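Please treat every number below as a calculation from the coordinates, not as lab data. If you're wondering where the values come from, they're calculated on a predicted model, not measured in any experiment. We place every Cβ from the backbone using ideal geometry, glycine too, and count neighbours over all the protein chains shown.
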Amino acid sequence: MKKIVFIFCLFIFSGVLWAQQSNFKVLAASGTVQVKSGTDSWTKAQAGKRVGNTDVIKIAEGSLVGLLYKNGTTLEIKVAGVYSYAELEKLLSEKAKTTITGKYAEYVMNEVSKANDEPVKVAPGKHMNITGAVMRSAPGVKAPVIKLYVPPTDILANSNPTLHWSRAKEEGAYVIRVMNMENDVLMVKDSDDTSATLELSSIPTLKNEKMALVTIELKANKMMRSALVPLNLVSGPDAIELDKQLTGIKDNLNKKNATDWIGLALFCEQNSLNLDAYDAYLNALRLAPKVADYQTMYNDFLTRVKFKEVLAAR
């Protein structure tokens, strides 16, 4: 049975291995994507396949390939054609001028590669510090009727994470409240959809908090409410530096490119920012719903952070 436990990690054994054998590897492929070297026959481009400097890659109409460069930079191609190795590198250099992918992807590669001689597929879980989430019922509500989809996660106190929740049976706008542990309301925000971005950076007191509570309710019916969900807040010098990287990535990624969203998801998960990773995976799947490799990555992420059961019950 072919199951990709963590596609991204399958490609990273060491920088030397990359240099000796190839500079590109296939991260994901959908449709008809083929690779050949010299006069060899065309072969199917599958996840993990190397693309060396004598290779060419052929993409059929309506197909997509996501490539990973040796320094961790991602490249997505969905325009039909035959691409030489030199053309791939040219596309990569053009992308580097418009995004900061190259600046953060090497960091992701280094983090994933910490396992050294261990099986690469088990490296991420070993080096992540995942904490469990606890929910308690909101006042006056026997059981939550709106489910907040928050995997066990760290939240940067200065960041802007996106929340997702289940749709209420009644129609209408939602109200999001962010509170401290004393139930003081720090932020109130409305949303017409089942997601919202929280500008936590606008709450200066959060840097002094270890945890915040979030609840969602239907604006027209306060009994339609979620449980109070705690968010583990992280601050300090390291968190500030990580927040700068995360903000830069989010501001500069190509939001119409599924492979860029996958790169963001991997970066976030490596830093235990699983709420941000969850949102990034959803955006990738929205853009590339037919790419089975990305769906597998997402499913494996849900398993790693023990969140699959929660979503299965929605």
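With 20 Å as the limit, write out which pairs from Lys44/Lys78; Lys219/Lys308; Lys147/Lys308 have Cα-Cα distances beyond it, or answer none.
Beyond 20 Å: Lys219/Lys308.
Once you place label points 7 Å from the Cα toward the Cβ at Lys256 and Lys222, how far apart are they in nm?
The two pseudo-label positions are separated by 4.5 nm.
Under a cut-off of 17 Å between alpha-carbon atoms, report the aspartates and glutamates in cross-link reach of Lys244, not counting same-chain residues fewer than 8 places apart.
Partners within reach: Glu106, Asp154, Glu199, Glu269, Asp276.
Within segment 53-70, what residues put their amide N at less than 17 Å from the label point 7 Å along the Cα-to-Cβ vector of Lys36?
Only 53-61 fall inside the zone, counting backbone N under 17 Å.
Once both labels are modelled 7 Å past Cα along the beta-carbon direction, what's the Glu241-Val82 spacing in nm?
The two pseudo-label positions are separated by 4.8 nm.
So if each residue of separation counts as 0.36 nm, and I subtract the Cα-Cα distance between Ser195 and Arg50, what length gain in nm does that give?
Stretched fully, the Ser195-Arg50 segment lengthens by 48.4 nm.
I'd like to compare 48-55, 73-80: which one has the highest average count of other Cβ atoms within 10 Å, and what's the full order after that?
The peptides rank, most packed first, as 73-80, 48-55.
Taking other Cβ within 10 Å of each residue's Cβ, how do Ile146, Ile262 sort, fewest first?
Ascending Cβ contact count within 10 Å gives the list Ile146, Ile262.
Quick one: which of 248-258, 85-95, 28-38, 59-69 comes out on top by average Cβ neighbours within 10 Å, and what's the full order, highest first?
The most tightly packed comes first, giving 59-69, 28-38, 248-258, 85-95.
Working out 0.36 nm times the residue gap between Asn299 and Val185, then minus their Cα-Cα distance, what length gain in nm do you get to one decimal?
37.6 nm
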